[in-house]
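Colleague: So that we are looking at the same thing, I have put the structure below in structure tokens.
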Amino acid sequence: MPNSFNDETRRRRSIYLLPNAFTTANLFAGFYAIVQAMNGRYELAAIAIFLAMVFDGMDGRVARLTNTQSAFGEQYDSLSDMTSFGIAPALILYEWSLNGLGRWGWLAAFIYVVGAALRLARFNTNIAVVDKRFFQGLPSPAAAALLAGFMWLAVDNKFQLADGTIAWIAFALTVYAGVAMVTNLPFYSGKSFALGRSVPFWVILVVVAAFVFVSSDPPLVLFGLFVIYGLSGWGVFLWRLRKARQLSFRRPDGTDVTDTSQDG
């Protein structure tokens, strides 16, 4: 009986360690990205940011699948996200190109860091009251992917940094990502999709096609996808605004409200 109790205790502890192990991998990837950027290996730094995104997506899903959510895990995840998707992308972009813009460069990086910190703090406080289908503001992993994807694309295609054009594009992208994180724009979360749910065979084919599509040119495809996602919040916002205006022109009984006034 005591041995059975000890085995059960050990098993439960290992389950709780599993999501935190993915969170630690996320943190390590963000730290590794900073180290590689300091050594001038920007392509590896960008890849590390994307790996951090994968680990970040895994820890939450693993915790839900194994029913091992905890307050400690939530706080640890937020601190890791701040490192991997807040500080790391800002430092990498600054080291790569923003430092050539003087104070404008580090101000853009700081705007991004502040945006990421505010985004994560708001997410933690509003987690129980917001629509789980949508994020409130651009999620920090997607914002980091915008920055890392642009850098990876530029390095892979050997874009020239000498004329300053790339630096100013990086400046605009960094500021946009930082500001977008603290807006109220709705971005699709994907949390309504359950991994444990059975899916038709064609879904597997779509997943395989997606892997092939991304592997054809990872820097270009990933950056393009996250640009679309980074702008999708505006599309959802405008669609909701249009729908709200249409509803405002209807009477409570469902009939349209028409303007019966005449000139003169």
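Colleague: Between G30, G57, which is modelled with pLDDT of 85 or more, over 22 Å from D217 (Cα atoms) and buried (at least 22 other Cβ atoms within 10 Å of the Cβ)?
Modeller: G30
Colleague: Residue check, L98 against (1) surrounded by fewer than 17 Cβ atoms within 10 Å (Cβ to Cβ); (2) touching a Gly at 6+ places or on another chain (Cβ under 7 Å); (3) in contact (Cβ under 8 Å) with a residue 24 or more places away in the chain, all met but one. Which one?
Modeller: (1)
Colleague: Kindly indicate which of D56, D77 is part of a helix (DSSP H, G or I), closer than 11 Å to P141 by Cα and not aliphatic (A, V, I, L, M).
Modeller: Checking each option against the conditions leaves just D56.
Residues checked against (1) modelled with pLDDT of 90 or more; (2) in a loop (DSSP other than H, G, I, E, B); (3) farther than 15 Å from M82 by Cβ:
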{"site": "W104", "(1), (2), (3)": "yes, no, yes"}
{"site": "A108", "(1), (2), (3)": "yes, no, yes"}
{"site": "G115", "(1), (2), (3)": "yes, no, no"}
{"site": "A128", "(1), (2), (3)": "no, yes, yes"}
{"site": "A144", "(1), (2), (3)": "yes, no, no"}
{"site": "A162", "(1), (2), (3)": "no, yes, yes"}
{"site": "Y176", "(1), (2), (3)": "yes, no, yes"}
{"site": "T183", "(1), (2), (3)": "yes, yes, yes"}
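Colleague: For the range 135-189, give me the residue count where each residue is under 18 Å from L118 (Cβ atoms) and in contact with a Pro (Cβ under 6 Å, 6 or more places away or on another chain).
Modeller: 2
The values are calculated or read from the model by the stated rules, or taken from the named source; none is laboratory data. Model, not experiment: these values are computed from the prediction. Cβ sites come from the backbone with ideal geometry, for glycine too, and all protein chains shown count toward neighbours.
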